[in-house]
Amino acid sequence: ALGGVAGSAIGGGRGQILASIGGALLGGLAGNAVENQVGKTRGLEITVRLDNGETRVIAQADDVALSSGQRVQVISGGGPTRVVPM
């Protein structure tokens, strides 16, 4: 919308209409690009073998330090399942 407003300030008549449409399109593309980058979070896909032998794969944000073979606690219920070090 802001791109359309900025474009409408350019020229007059048919040129002003084209500038408004072009500004709105460019503004929409720029806004979409920003939204896509803001919504991204680095993540992990963690494969866990439970004590009962069952295997689970859990995806979560890359906000914990884990190493292969490390014992972890799987927390679930009331939200997404999380893996945390013991």
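Any read-out appearing in this document is the output of simple, stated calculations on the displayed coordinates, not a laboratory observation. Worth saying up front: this structure is predicted, and the values here are computed from it rather than measured. Virtual Cβ from ideal backbone geometry, glycine too; neighbours counted across all protein chains shown.
Computed quantities for the displayed model
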{"read-out": "D (Stokes-Einstein, µm²/s), Kirkwood Cα radius, the range 43-85, 0.890 mPa s at 25 °C", "value": "226"}
{"read-out": "Neighbour net charge for ILE58 - beta-carbon separation under 11 angstrom, K R +1, D E -1", "value": "+1"}
{"read-out": "In nm, spacing of pseudo-spin labels at ASN32 and ARG82 (7 Å Cα→C-beta vector)", "value": "3.5"}
